[in-house]
Amino acid sequence: CSETLMESELLGYVEGAFTGASKQGKAGLFEMAHKGTIFLDEISEMPLSIQSKLLRVLQEKAVMRLGDDRVIPVDVRIIAASNKNLNDMVKNGQFRKDLYYRLNVLTLRIPLLKDRQQDILRLLEHFLEIYCIKFNIKRPIIAQEVYQILLNYQWPGNVRELENFTERLLAAYGSSYITADQIGHILDLKELHDFRERSGHTKESPDRKILDEKTLFEILKSNNFNKPQTAKQLGIGRTTLWRMLKKMNISNES
């Protein structure tokens, strides 16, 4: 079962401990982290039966591999993370009170992503770099309105949602010019509508001031001043692009 698998990963196992166990056995994460640090993510999802075994490790500073009777000393520092209020879970009988007090030596509360807007665009740039390398594409040019929408979005899934959004965005649109309408297909469309209602924006067009002279020139330059290719990337006709370039007084030598 999944609890047996979790226990074997944390504490290790010996040959014959369960069906499919390796003949050589395996050291658990606590053994491997001896004299170091182990990070337990989403500890609120840990079953009560495993919580009791974790408590024993903390109290006795030792582990016993699954299927074994030998006690192996371990000296490990634990960092645990949860997106739920463990104190409330203790009151509801969903998390062991004794384990909670063993773990709760120093608490660091990380604000929701929506409450630290200064991190949103930094993280976006970080994930863009990662997934542009993964997909082997150039970094896309992003409309200014997109940044405003991302800053106003609530991000209920926090950083993981932002990373997932970035990966889906690049998988869907690659290195093309990213507009607000495009991200509306990835984020909740109601969020896009609400943002435009609040800010007075209407349906975006590449001919708007959002696509400023510098941005348009960067896109043109990234395409080696190939106007048909630039128009295709922007999703506009060649005549529209020519009119925009003339209006902004942009040439190959700008």
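Read-outs throughout are calculated quantities, based only on the coordinates presented, and are distinct from any laboratory measurement. In this text the structure is predicted, and so the values were computed from the model without any measurement. Because the Cβ atoms are built from the backbone with ideal geometry, glycine has one as well, and the counts that use them run over all protein chains shown.
Taking Cα centre as origin and charging only the Cβ of basic (Lys, Arg, +1) and acidic (Asp, Glu, -1) residues, the dipole magnitude of the chain rounds to 660 debye. Taking each residue as 0.36 nm, the span from Thr240 to Asn85 lengthens on full extension beyond its C-alpha to C-alpha distance by 50.4 nm. In percent, rounded to a whole number, the relative contact order of segment 1-72 is 38, using alpha-carbon pairs under 8 Å and six or more apart.
Averaging Cα coordinates gives a centre for segment 2-68 and one for segment 111-145; these two points are 37 Å apart.
Over the residues of the chain, the helix contribution to mean residue ellipticity at 222 nm works out to -14500 deg cm²/dmol, using -39500 (n - 2.57) for each DSSP H run of at least 4. Working from Cα positions, state the angle (0 to 90°, nearest 10) between the long axis of helix 117-135 and the longest principal axis of the chain. Relative to the chain, helix 117-135 is tipped by roughly 90 degrees. The Cα atoms of segment 104-165 give a gyration tensor whose axes a ≥ b ≥ c have a/c of 1.5 or more with a/b no greater than b/c, which makes the shape oblate. Helix 213-222 and the long axis of the chain differ in direction by around 70°, with both axes built from C-alpha atoms.
Of the residues Tyr131, Tyr13, the one with the fewest other Cβ atoms within 10 Å heads the list, and the complete ranking is Tyr131, Tyr13. Under the simplified labelling scheme, the Ser251-Arg122 pair shows an inter-label distance of 4.3 nm, with each label point 7 Å from Cα along Cα→Cβ.
Kindly identify segment 2-103 as rounded, prolate or oblate by the Cα gyration tensor criterion: order the square roots of the eigenvalues as a ≥ b ≥ c, call it rounded if a/c is under 1.5, otherwise compare a/b with b/c, prolate if a/b is larger, else oblate.
prolate
A dipole drawn for segment 6-131 from +1 and -1 charges on Cβ atoms has a positive end, and of Gly25, Pro73, Tyr13 the residue lying farthest that way is Pro73.
Average 1/r across all pairs of distinct alpha carbons in the chain, invert it, and you get the Kirkwood radius: 22.6 Å. Between Asp69 and Lys97, the FRET efficiency from the beta-carbon distance, with R0 = 30 Å, is close to 0.55.
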